[in-house]
1. Could you count how many residues in the range 95-128 are touching a residue at least 40 places away in the same chain (Cβ under 8 Å) and of a type in the set (D, E, K, R)?
2. Looking only at the range 111-134, count how many residues are among the acidic types (Asp, Glu) and within 11 Å of Asn97 (Cα to Cα).
3. For the range 40-60, which residues satisfy the criterion of being in a strand (DSSP E or B) and closer than 20 Å to His116 by Cα?
4. Tell me the residue from Glu227, Glu299, Glu206, Glu278 that is of a type in the set (D, E, K, R) and crowded, with 16+ Cβ neighbours inside 10 Å, please.
5. In this structure, does Ile253 turn out to be of a type outside the set (D, E, K, R), in a strand (DSSP E or B), in contact with a helix residue (DSSP H, G or I) (Cβ under 8 Å, 6 or more places away or on another chain) and touching a residue at least 12 places away in the same chain (Cβ under 8 Å)?
6. Can you tell me which residues in the range 29-46 are in contact with a His (Cβ under 9 Å, 6 or more places away or on another chain) and among the polar types (S, T, N, Q)?
Amino acid sequence: MSADLTTINDLYEKINSDPHELDDPNVAHLVIDHNKVLGQHLVPGLHMEVDELEDGIKAVMRLDDNTVLEKQVHLCFGMYPEKGVQRIVMDVTIGKNARISLLSHCVFPYAIDVQHIMHGQIRIGENSEYSYFERHVHSPKGGVKVYPNAKIEIGKGATFKTEFELIRGRVGLIDIDYEATCHAESILEMNTRISGKADDVIKVKEIGHLVGEHAKGVLTSKIAVRESARAEVYNELTASAAYARGHVDCSEIVQDNGIVSAIPIVKVEHPKAHITHEAAIGSVDNKQLETLMSRGLSEDDAVELIISGLLSRKKK
């Protein structure tokens, strides 16, 4: 077995996935370890140019007009060394009347002092759909600093959905910064689920601009902090066109000496637009806790179960 194949298998083992999924000729994929391309496969209509940089990679991805990918594209960005920097630069253009779904894993199993920096420019053509599910697996030592940021342009009638999940391993430091502009009849959905403990630091900044008529946007964040972890959540949704609709939803659980601040900002700049918001910050529900403990769970196990329920991915 080649060294690259061994590394791919190990990466997929860390994320509890089967590397043989990549053997399917209908599944496009890109697997990166630090700044090295371990594997790449494309399917008709999908184009990707990847350059290896000193500290990461730059990828330019294009999906042709009228191309619908039935199977999810797999992306895996790993960093095996205990120390170092991985920089990922993504330039994405989705053509008109197209559809793509991506599953992205970011894996740092042995990190002591690792920085993962991701910058994305994403443009989605008219009547197209782009879904991006990003799952992080970190080391238990909390030695990772993650800086994902993206600028997204959502064309008329297009849909952009993103989910960010970090519930395995220590967070370390994460600083998310996403901003999307939504044109007429477009749809924006951003979902973030992160669990922090010890001295983890979580920062989330998500902004949506509903600039087109009938544009819709939903920003949802679910954060749990325990021990001495800290979280700052800033969600902003602006509606400046007729019949634009939006909602901001923040749910945070605080345990021990954890600290959370949540700032939901809604701005309505048109008399026919409408945005709502709700925010809830507090400890786990005592009634839930007592019910679970009455069924034989310890307090710690009951708290973990409640937090897992909050952060679980909803089935669609």
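1. Result for the range 95-128: 1.
2. The qualifying residues number 2.
3. If we filter the range 40-60 for residues that are in a strand (DSSP E or B), which is where we start, we get 40-41, 46-53, 56-60.
Within the range 40-60, Val50, Asp51, Glu52, Leu53, Gly56, Ile57, Lys58, Ala59, Val60 meet the criteria.
4. On the way: Glu227 fails: crowded, with 16+ Cβ neighbours inside 10 Å; Glu299 fails: crowded, with 16+ Cβ neighbours inside 10 Å; Glu278 fails: crowded, with 16+ Cβ neighbours inside 10 Å.
Only one candidate qualifies: Glu206.
5. Working: of a type outside the set (D, E, K, R): yes; in a strand (DSSP E or B): yes; in contact with a helix residue (DSSP H, G or I) (Cβ under 8 Å, 6 or more places away or on another chain): yes; touching a residue at least 12 places away in the same chain (Cβ under 8 Å): yes.
It is true that Ile253 is of a type outside the set (D, E, K, R), in a strand (DSSP E or B), in contact with a helix residue (DSSP H, G or I) (Cβ under 8 Å, 6 or more places away or on another chain) and touching a residue at least 12 places away in the same chain (Cβ under 8 Å).
6. Across the range 29-46, the qualifying residue is only Gln40.
Residue-by-condition table, conditions (1) modelled with pLDDT under 95; (2) outside any strand (DSSP E or B):
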residue	(1), (2)
Pro140	yes, yes
Leu188	no, no
Ile202	no, no
Lys205	no, no
Gly212	no, yes
Ser221	yes, no
Glu232	no, no
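For (1) of a type in the set (Asp, Glu); (2) under 11 Å from Thr238 (Cα atoms), each residue gets a yes or a no:
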| site | (1), (2) |
| --- | --- |
| Cys250 | no, no |
| Ile253 | no, no |
| Asp256 | yes, no |
| Val266 | no, yes |
| Ile275 | no, yes |
| Gln288 | no, no |
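The values are calculated or read from the model by the stated rules, or taken from the named source; none is laboratory data. Note that this is a predicted model, so its numbers are computed, not measured. So basically every Cβ, Gly included, is an ideal-geometry build from the backbone, and we count neighbours across all protein chains shown.
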